[in-house]
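The structure under discussion appears below in the form of structure tokens.
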Amino acid sequence: MKTIDVLIVRIYITEASHLLNKIVDYLKKDAKIRGISVFRAISGFGETGIHTASLVDLSLNLPLTIEFFDDDRDKIEKALDHLTAIIKPEHIVLWDAKANI
């Protein structure tokens, strides 16, 4: 299998932060990242406490994870420079990976 080196970035926010559309729009239109996935958790906890959903009470402040990757490190670095200005410290993680081609 042929592969290329990529950098994967994962961002952790909550629905109540109201950052989702701002981040996705930036990554799509300005940073021109290949693709983005957004995951909505049913439970999570962190510095702002416990966030959970049940069948009775659907919370509007659940954890969200935004994940993207690219093989262009310069593009990722530029995006990270922009994103670190609006996302709290330690809420962005990244790692090297390989993608099949």
Cross-link pairs Lys2/Lys32; Lys28/Lys75; Lys28/Lys78; Lys2/Lys75; Lys22/Lys88 - those with Cα-Cα distance over 20 Å: Lys2/Lys32; Lys2/Lys75
With all protein chains present and a 1.4 Å probe, how do Phe45, Phe69 order by accessible area, largest first? Phe45, Phe69
Angle between the chain longest axis and helix 73-83 axis [Cα atoms, degrees, rounded to 10]: 30
Ratio of the stretch 8-47's C-alpha Rg to 2.2 N^0.38 Å, to two decimals? 1.27
Working only with C-alpha atoms, what are the Rg and Dmax values of the chain, expressed in angstrom? 14.9, 48
Average accessible surface area per residue within the chain, 1.4 Å rolling probe, Å²: 69
Carbon and sulfur atoms: what percent of the 1.4 Å accessible area of the chain do they account for? 56
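The values are calculated or read from the model by the stated rules, or taken from the named source; none is laboratory data. Not measured: the values here are computed from a predicted model. Just the protein is used for accessible areas: all its heavy atoms, side chains included, with ligands, DNA and RNA removed. Shrake-Rupley method; radii C 1.70, N 1.55, O 1.52, S 1.80 Å.
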